[in-house]
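Everything below concerns the one structure shown next.
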DNA sequence: TGGTTTGTTGCAGC
DNA sequence: AGCTGCAACAAACC
């Protein structure tokens, strides 16, 4: 499920419960779930891959990680991590990380680095990238402090779009390539969102999980690269190395 | 069929 | 003390 645009879709679906009271709260999350009972859902926000449910001053953070899922007005055949029942329906979360924020969300999250936020700040992101010359570009795209909401699909698709090899360091890239990177992550976030809503995301993958380069038709390279050894799909011919 | 994976945390070991 | 690397989580998909 869980790159940023998928979480934005989830947020839009849960927003229909805003203004309603939690009539029933249960689940196996390791938080004090009883605290949520009777509170009104005042806002649903998101930062990157995190969903934030604001309930009368208490904020629940839901992160679907790699395997998490949810169901609205239906249930899955397993116990929910968190289930919230409202007058008009219910939302159920499974196999996810659930925590209560220790401080107001505005003090914990920098909305300027959320790739889907109205407050997205490309100039700030560019400045941050310039301060990290030794970081691999394949790691930079996955870094949530830089590009909140970007994930492995973003990484593969954006690097293919801007024709940059994943093993370049940020410092090796020409200035205009860094600018292109920032612009294309933002652009792909909205492409992803639109395609996901239309249920056509996968058919638009040009690199991720692909076997052949659509530009030059040679086989893609497939390797686990970078700090987290995440899978990369890339074209050794079309995606350039600098420096 | 079974290996892989849209991700992150926490902790052991150094 | 601060780092690194790996287990854990746990299920749909190809």
Which residue out of A:82, A:65 is within 16 Å of DNA strand C (Cβ to nearest atom), at positive phi and in contact with a strand residue (DSSP E or B) (Cβ under 7 Å, 6 or more places away or on another chain)? A:65
Of those in the range A:191-208 that are within 11 Å of DNA strand B (Cβ to nearest atom) and loosely packed, with under 13 Cβ neighbours inside 10 Å, the residue nearest to residue A:159 (Cα to Cα) is A:202
Considering only the range A:220-243, state which residues are part of a loop (DSSP other than H, G, I, E, B), within 16 Å of DNA strand C (Cβ to nearest atom) and loosely packed, with under 13 Cβ neighbours inside 10 Å. A:227, A:228, A:229
Condition set outside any helix (DSSP H, G or I), surrounded by fewer than 20 Cβ atoms within 10 Å (Cβ to Cβ) and under 11 Å from the mean Cα position of the chain (by Cα), scope the range A:141-180, selection farthest from DNA strand B (Cβ to nearest atom): answer is A:143
Which condition number in (1) in a helix (DSSP H, G or I); (2) within 16 Å of DNA strand C (Cβ to nearest atom); (3) under 24 Å from residue A:122 (Cβ atoms) is the one that residue A:207 fails? (1)
Answer with yes or no whether residue A:107 is out of contact with any strand residue (DSSP E or B) (no Cβ under 9 Å at 6 or more places or on another chain), at pLDDT below 95 and either over 25 Å from residue A:226 (Cα atoms) or buried (at least 16 other Cβ atoms within 10 Å of the Cβ) (or both). yes
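The values are calculated or read from the model by the stated rules, or taken from the named source; none is laboratory data. None of the values given here were measured: they were computed from a predicted structure. Because the Cβ atoms are built from the backbone with ideal geometry, glycine has one as well, and the counts that use them run over all protein chains shown.
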